[in-house]
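Q: Sharing a structure below in structure tokens format, with a few things to ask.
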Amino acid sequence: MQINAILFDIDGTLVDTNDMHVLAWEEAFAGVGATFDRQIIHDQIGKGTDMLVPTLLPDADEDQQEALGETHGQIFKAKYLDTAKPFAEAHALLAHAHGSGQQVVLASSASEAELEHYIDLLDARDLIAATTSSDDVEKTKPAPDIFATALKKLPGIDPGSVIVVGDTPYDIEAAAKCGIAAVAVRSGKFKDAQLQSAGAVAIYDDVAALLADYATSPLGR
């Protein structure tokens with residue numbers, strides 16, 4: 001089936017921020033006396049606060065989870081957000097999809113404020129048909145809410161004609177719960193085995209490699 005809409009994750013997929021989020025979470029956890037190996041934190045990147053914190057601190061109550069999320073957000077905004085850079089060809093990939101008549105959607109577990117920043121960073125405001133952020137949903141990835149909400153903003157679009165592009169197993173799992181296939185990129189530094197076991201239909205090094213192979217990739221077939 002021809003692809004009519006593409007749901008793009010942002011962090012680790014279009015913008016190089018995963019390592020920054022690891023450092024921000026490390027500092028936030030240190031503030032409550034919790035320490036984790038950075039790889040342990042990295043393996044949870046892609047989830048929102050509601051999913052990430054309970055995995056690492058299962059005894060934290062809802063107020064503690066929310067407080068940690070706010071601390072992480074404050075640290076990330078203060079120290080890292082303004083230095084975050086798009087991956088090479090990120091804008092070009094969005095522009096190519098848009099120019100091919102496909103609806104471009106940014107679907108992220110980031111906050112609405114971060115999402116707005118990234119839209120401008122990617123110079124994508126005129127390219128996107130819709131967006132979803134953690135502010136729009138009850139649960140973030142790997143729950144299906146982010147992508148399910150995005151689908152609702154695309155009336156008349158069959159999930160079979162939609163594809164996700166993401167960098168984490170959680171993107172791929174969330175997509176599958178909505179009946180959507182997902183292409184993975186390695187730029188988020190997850191292992192191929194993790195992406196394959198989650199169900200990725202194809203894996204590319206990064207969005208530049210995906211753009212170079214667009215015509216024969218799952219996006220362009």
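The values are calculated or read from the model by the stated rules, or taken from the named source; none is laboratory data. Quantities reported herein were computed from a predicted structural model and do not represent experimental measurements. Cβ coordinates were reconstructed from backbone atoms using ideal geometry, including for glycine residues, and neighbour counts include every protein chain displayed. To get the accessible areas, we keep the full protein, side chains included, count just its heavy atoms, and leave off ligands, DNA and RNA. Shrake-Rupley method; radii C 1.70, N 1.55, O 1.52, S 1.80 Å.
Q: For Cα pairs less than 8 Å apart in space and 6+ apart in sequence, what is the mean separation divided by the residue count of the range 1-155, i.e. the relative contact order in percent?
A: Rounded, it is 30 percent for the range 1-155.
Q: How much net charge surrounds Leu23 when only other residues with a Cβ under 14 Å from its Cβ are counted (Lys, Arg +1; Asp, Glu -1)?
A: -2
Q: Once amide H atoms are built 1.01 Å from N in the peptide plane, which residues 5 or more positions from Tyr204, or in another chain, come under 5 Å H to H?
A: Distant-sequence amide H within range of Tyr204: Ala184, Val185, Arg186.
Q: Let me ask something else about it. Ignoring ligands, DNA and RNA, what percent of the 1.4 Å accessible area of the range 12-164 is carbon and sulfur?
A: 49 percent
Q: What ³J(HN,Hα) values, in whole Hz, does the Karplus curve 6.51 cos²θ - 1.76 cosθ + 1.60 give for the range 163-174 when θ = phi - 60°, with x put for Gly and Pro?
A: Going residue by residue, I get 9, 9, 10, x, 10, 10, x, 6, 4, 5, 5, 5 Hz, with x marking Gly and Pro.
Q: For the range 2-12, what does the Karplus curve 6.51 cos²θ - 1.76 cosθ + 1.60, with θ = phi - 60°, yield as ³J(HN,Hα) per residue in whole Hz, taken in order and with x for Gly and Pro?
A: Those phi angles translate into 5, 7, 9, 8, 10, 9, 9, 5, 10, 4, x Hz.
Q: Taking Cα atoms, how many degrees apart are the long axis of helix 112-121 and the longest axis of the chain, rounded to 10 and kept between 0 and 90?
A: 50 degrees
Q: Long-range amide H contacts for Lys189: which residues qualify at under 5 Å (H placed 1.01 Å from N, peptide plane, sequence gap of 5 or more or a different chain)?
A: The list, which skips near neighbours in sequence, is empty: none.
Q: Rounded to the nearest 0.05, what FRET efficiency is calculated for Asp61 and Asp135 with R0 set to 22 Å and r the Cβ-Cβ distance?
A: Result of the calculation: an efficiency of 0.55.
Q: What dipole magnitude, in Debye to the nearest 20, does the range 73-190 give about its Cα centre under +1 on Lys/Arg Cβ and -1 on Asp/Glu Cβ?
A: So the magnitude is around 280 debye.
Q: Then there is this: Only one of the listed values, (1) 50, 32, 31; (2) 61, 36, 35; (3) 45, 45, 32, was derived from the coordinates as Cα extents along the principal axes in Å; which label is it?
A: So the structure-derived entry is (1).
Q: Right, here's the next one. With every protein chain left in place, what is the accessible area per residue of the range 1-149 in square angstrom, probe 1.4 Å?
A: On a per-residue basis, the range 1-149 sits at 45 Å².
Q: Near Thr55, within a Cβ-to-Cβ distance under 11 Å, what is the net charge of the other residues, with Lys and Arg +1 and Asp and Glu -1?
A: Neighbourhood net charge equals -1.
Q: Of Gly188, Tyr214, Ala174, which is farthest along the charge dipole of the range 167-221 in the positive direction, counting Lys and Arg as +1 and Asp and Glu as -1 at C-beta?
A: Value computed over the given set: Ala174.
Q: How much net charge surrounds Gln103 when only the other residues with a Cβ under 15 Å from the Cβ of Gln103 are counted, with Lys and Arg +1 and Asp and Glu -1?
A: Charge balance near Gln103 sits at +1.
Q: Here is a further query. Solvent-accessible area of Glu66, probe 1.4 Å, all protein chains present, reported in Å² to the nearest ten, please.
A: Roll a 1.4 Å probe over it and Glu66 shows about 100 Å².
Q: A further question follows. Asp123 to Val201: FRET efficiency via 1/(1 + (r/R0)^6), r the Cβ-Cβ distance, R0 25 Å, to the nearest 0.05?
A: 0.30
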